[in-house]
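Q: Have a look at this one.
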Amino acid sequence: MIRIRNLHKSFGDNRVLRGVNLEIEDGETITIIGGSGCGKSVLLKHIVGLLKPQVGEVEVDGEEITRLGMEELAEVQKKFGMLFQGAALFDSLTVRENVAFGLRMLTDLDEGEIEKRVSEKLSLVGLKGIEDLMPAELSGGMKKRVGLARAIAMNPKYILYDEPSTGLDPIMADVINDLIIDLRKKLKITSIAVTHDMVTAYKISDRIAMLYEGRIEEIGVPQEIKKSENPVVRQFITGSSEGPIKMKLRE
Amino acid sequence: MILGDRVEIRFLRYIGDRILIVTSSVGRLTELFRQTIYWIGRGSLRTQDIVSQMMEIGIRSFPVIGLTALFTGMVLALQTGYAFSNFFGEPVYVGMAVGFSMVKELGPATGCMVLAGRVGAAIAAEIGTMKVTEQIDALYTLGTNPVKYLAVPRLLACLIMVPILTLFADIIGVLGGLLVSVYSFNIPATVYRDEILNFMRVDDVYQGLIKSLFFGVIIIMVCCYKGFTCEGGAQGVGRATTSAVVTSMVLILVSDYFLTAFLVCIGIGAAHF
């Protein structure tokens, strides 16, 4: 269970989060939607402790994490796996070494066992036989799937997706969406995704929350969001440039 | 308090901002150094990372350091030979000038300047690229502290390899000076050699080696810092790399003076005629 209370975060003069309150239940898949630059990735990074807020609290399984020291925070971070927007694969390491990274650093498993797990996780994401390739030799979709295999290699309790289908062609985006749903069924983990793609959001989510002007504007199951009368939510999900959300254009 | 927008006030504000930026950078750099030492103290280090960095920092730097040291020694002998020929009528004391200069100053300082350009730039660029592509964040999510994984092996490898590289530079520089002395000024090799062996002491060499250790620490910590704090995509990486090299070089030269003064004060490499 993750609880976010009154989270405020600024970067210099830019107030990104202005009092976010959110509760994430175990086993659910929740998607946070919002415009570009509204703070979705920033919120995600607070959940896993990569950023610290100016004000507010983040509670993971009953433990408040924003004031933890380096080592205690590292213990909490072991519960999470994260798929980054660009996959963030380590470019000097092979696919095998990338997926095995957490296992090599944190466990005493022997090479044979590690090889088995790497193979198993790559199969889960629909990739086989690419263990010796370097990240530079992979396509965008393959990079994301390797990133996903790496994120689940340690069997985490929570998995975070930062724009999982962004930048992929529609078919590959749907492949990733199917993977997210499949993983939830197979591994029974809690998933938190951030996206501005409504197709993905409707498909994978138990609940959808919209972030607007630094706060959660509305939260509900996909059906409720689709029928929402809130003008901000309506403008976003119908993809209209007219409405209360004013995207600042360059002068 | 609004002090207005007058030129003087804006200038003061600018100076104030710059001082604040520099002090905050110094603070964060010191914090990075403290964390690096902390992780070294914690133990369970990955030897394969340290060894691979020793290859990269040390072994691969030998050719370029050898080349720069050779020509430094040669030009030093050339300049000293002509200068003392003018002054004393004979090219005297060339061996002593080259020997002392290389061992106490030029071996450590120019060797580390070369390292700053070669190794420092690579470190800042590599870590900077990892930062802007979120690989540093990924390390945290995989239970790995980036300072322990990236900075520690590089610092340890540097502490081991830099004194060896400095000694190598000293020797090659002295040999370069020997070549010029013998073939340009007809100074007998024995005279050159005896000037060095009779007048140089071990603690002169130590002075150079101790300084080179400090310079090495400066290079690694400054360049890791610039990499870890890099922002802004490819342009940011370029800026961080340039800044890392320039800052390292300036800090080497500035600290050279203070280190030398301090070491002489406590009797290492002090004057002894």
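The values are calculated or read from the model by the stated rules, or taken from the named source; none is laboratory data. If you're wondering where the values come from, they're calculated on a predicted model, not measured in any experiment. So basically every Cβ, Gly included, is an ideal-geometry build from the backbone, and we count neighbours across all protein chains shown.
Q: Looking at B:90, B:105 in this structure, which one is out of contact with any Leu (no Cβ under 8 Å at 6 or more places or on another chain) and not in a helix (DSSP H, G or I)? Before you say what the answer is, go through the steps one by one.
A: Details: B:105 fails: not in a helix (DSSP H, G or I).
So the residue among B:90, B:105 that is out of contact with any Leu (no Cβ under 8 Å at 6 or more places or on another chain) and not in a helix (DSSP H, G or I) is B:90.
Q: Look at residue A:86 and say whether it is within 30 Å of residue A:16 (Cβ to Cβ) and touching a strand residue (DSSP E or B) at 6+ places or on another chain (Cβ under 7 Å). Break it down into steps so the answer makes sense when it comes.
A: On the way: within 30 Å of residue A:16 (Cβ to Cβ): yes; touching a strand residue (DSSP E or B) at 6+ places or on another chain (Cβ under 7 Å): no.
When the stated conditions are applied, residue A:86 does not pass them.
Q: Got a number for residues in the range A:199-251 being out of contact with any helix residue (DSSP H, G or I) (no Cβ under 6 Å at 6 or more places or on another chain), in a helix (DSSP H, G or I) and under 27 Å from residue A:169 (Cα atoms)?
A: Residues meeting the conditions: 10.
Q: List pairs: first in the range A:43-70 and touching a residue at least 60 places away in the same chain (Cβ under 8 Å), second of a type outside the set (A, V, I, L, M) and crowded, with 21+ Cβ neighbours inside 10 Å, Cβ under 6 Å, 6+ apart or cross-chain?
A: Hits for this filter: A:44/A:162; A:48/A:80.
Q: Does the range A:124-142 hold any residues that are surrounded by fewer than 19 Cβ atoms within 10 Å (Cβ to Cβ), modelled with pLDDT of 90 or more, in a helix (DSSP H, G or I) and not acidic (Asp, Glu), and which are they?
A: A:136
Q: Does residue B:203 meet the test of being among the charged types (D, E, K, R) and either over 20 Å from residue B:57 (Cα atoms) or in contact with a His (Cβ under 7 Å, 6 or more places away or on another chain) (or both)?
A: Working: among the charged types (D, E, K, R): yes; either over 20 Å from residue B:57 (Cα atoms) or in contact with a His (Cβ under 7 Å, 6 or more places away or on another chain) (or both): yes.
In short, yes.
Q: Need pairs with beta-carbon distance below 7 Å; first residue under 17 Å from residue B:76 (Cα atoms) and within the range B:177-198, second assigned to a loop (DSSP other than H, G, I, E, B); sequence gap 6+ or separate chains.
A: Hits for this filter: B:181/B:187; B:185/B:91; B:187/B:91; B:195/B:93.
Q: Quick check: is even one residue across the range B:245-255 in contact (Cβ under 8 Å) with a residue 24 or more places away in the chain and over 21 Å from residue B:30 (Cβ atoms)?
A: Going residue by residue through the range B:245-255, those that are in contact (Cβ under 8 Å) with a residue 24 or more places away in the chain are B:245, B:247-249, B:251-253, B:255.
Keeping just the survivors that are over 21 Å from residue B:30 (Cβ atoms) gives none.
No.
Q: Tell me which of these residue B:67 doesn't satisfy, since it passes every other one: (1) surrounded by fewer than 19 Cβ atoms within 10 Å (Cβ to Cβ); (2) touching a Ser or Thr at 6+ places or on another chain (Cβ under 9 Å).
A: (2)
Q: List every residue pair whose Cβ atoms lie under 8 Å apart, where the two residues are 6 or more positions apart in sequence or sit on different chains, the first residue falls within the range B:143-159 and is within 17 Å of residue A:93 (Cα to Cα), and the second residue, located anywhere, is among the aromatic types (Phe, Trp, Tyr).
A: From the range B:143-159, the pairs are B:144/A:101; B:146/B:140; B:146/B:228.
Q: Looking at the structure I just gave you, is residue B:69 more than 28 Å from residue B:118 (Cα to Cα), in a helix (DSSP H, G or I) and either touching a Leu at 6+ places or on another chain (Cβ under 7 Å) or aliphatic (A, V, I, L, M) (or both)?
A: Numbers: more than 28 Å from residue B:118 (Cα to Cα): no; in a helix (DSSP H, G or I): yes; either touching a Leu at 6+ places or on another chain (Cβ under 7 Å) or aliphatic (A, V, I, L, M) (or both): yes.
It is false that residue B:69 is more than 28 Å from residue B:118 (Cα to Cα), in a helix (DSSP H, G or I) and either touching a Leu at 6+ places or on another chain (Cβ under 7 Å) or aliphatic (A, V, I, L, M) (or both).
Q: Turning to a different aspect of this structure: Filter the range A:96-112 down to residues that are assigned to a helix (DSSP H, G or I), more than 8 Å from every other protein chain (Cβ to nearest Cβ) and out of contact with any Phe, Trp or Tyr (no Cβ under 8 Å at 6 or more places or on another chain), then give me how many there are.
A: If we filter the range A:96-112 for residues that are assigned to a helix (DSSP H, G or I), which is where we start, we get A:96-99, A:101-106, A:111-112.
Imposing the further condition that a residue be more than 8 Å from every other protein chain (Cβ to nearest Cβ) reduces the set to A:96-99, A:103-104, A:111-112.
Next, from what is left, pick out any that are out of contact with any Phe, Trp or Tyr (no Cβ under 8 Å at 6 or more places or on another chain): A:96, A:99, A:103-104, A:111-112.
Of the residues in the range A:96-112, 6 are assigned to a helix (DSSP H, G or I), more than 8 Å from every other protein chain (Cβ to nearest Cβ) and out of contact with any Phe, Trp or Tyr (no Cβ under 8 Å at 6 or more places or on another chain).
Q: Examine the range B:151-163 for a residue that is at positive phi and in contact with a Lys or Arg (Cβ under 9 Å, 6 or more places away or on another chain), and state whether such a residue exists. Let's see the steps before the verdict.
A: In the first step, residues of the range B:151-163 are kept if they are at positive phi; the result is none.
Within the range B:151-163, none of the residues are at positive phi and in contact with a Lys or Arg (Cβ under 9 Å, 6 or more places away or on another chain).
Q: Which residues, taken from the range A:150-203, are more than 14 Å from every other protein chain (Cβ to nearest Cβ), hydroxyl-bearing (Ser, Thr, Tyr) and either surrounded by 20 or more Cβ atoms within 10 Å (Cβ to Cβ) or touching a Lys or Arg at 6+ places or on another chain (Cβ under 7 Å) (or both)?
A: Result: A:165, A:190, A:191, A:195, A:200.
Q: Within the range A:45-61, how many residues are among the aliphatic types (A, V, I, L, M) and at positive phi? Please lay out each step first, then the result.
A: To start, the set of residues in the range A:45-61 that are among the aliphatic types (A, V, I, L, M) comprises A:47-48, A:50-51, A:55, A:58, A:60.
Those still in the list that are at positive phi too: none.
Count: 0.
Q: So which residues in the range A:94-110 are modelled with pLDDT under 90 and closer than 17 Å to residue A:75 by Cβ?
A: Once the filter is applied, which keeps residues that are modelled with pLDDT under 90 and closer than 17 Å to residue A:75 by Cβ, the range A:94-110 yields A:105, A:106, A:107.
Q: Hey, another quick one. Under the condition of being of a type in the set (S, T, N, Q) and not in a helix (DSSP H, G or I), which residue from the range A:41-95 is farthest from the other protein chains (Cβ to nearest Cβ)?
A: So in the range A:41-95, the residues of a type in the set (S, T, N, Q) come out as A:41, A:54, A:66, A:77, A:85, A:92, A:94.
Those left that are additionally not in a helix (DSSP H, G or I): A:54, A:66, A:85, A:92, A:94.
Values: A:54: 17, A:66: 15, A:85: 7, A:92: 8, A:94: 15 Å.
Filtering the range A:41-95 for residues that are of a type in the set (S, T, N, Q) and not in a helix (DSSP H, G or I), the one farthest from the other protein chains (Cβ to nearest Cβ) comes out as A:54.
Q: On the basis of being more than 12 Å from every other protein chain (Cβ to nearest Cβ) and either surrounded by fewer than 18 Cβ atoms within 10 Å (Cβ to Cβ) or free of Cβ contacts under 8 Å to residues at least 12 places away in the same chain (or both), does residue A:116 make the cut?
A: Values: more than 12 Å from every other protein chain (Cβ to nearest Cβ): yes; either surrounded by fewer than 18 Cβ atoms within 10 Å (Cβ to Cβ) or free of Cβ contacts under 8 Å to residues at least 12 places away in the same chain (or both): yes.
It is true that residue A:116 is more than 12 Å from every other protein chain (Cβ to nearest Cβ) and either surrounded by fewer than 18 Cβ atoms within 10 Å (Cβ to Cβ) or free of Cβ contacts under 8 Å to residues at least 12 places away in the same chain (or both).
Q: Can you tell me which residue in the range A:3-36 is nearest to residue A:216 (Cα to Cα), limited to those that are surrounded by fewer than 18 Cβ atoms within 10 Å (Cβ to Cβ) and among the polar types (S, T, N, Q)?
A: Applying the filter and picking the extreme gives A:21.
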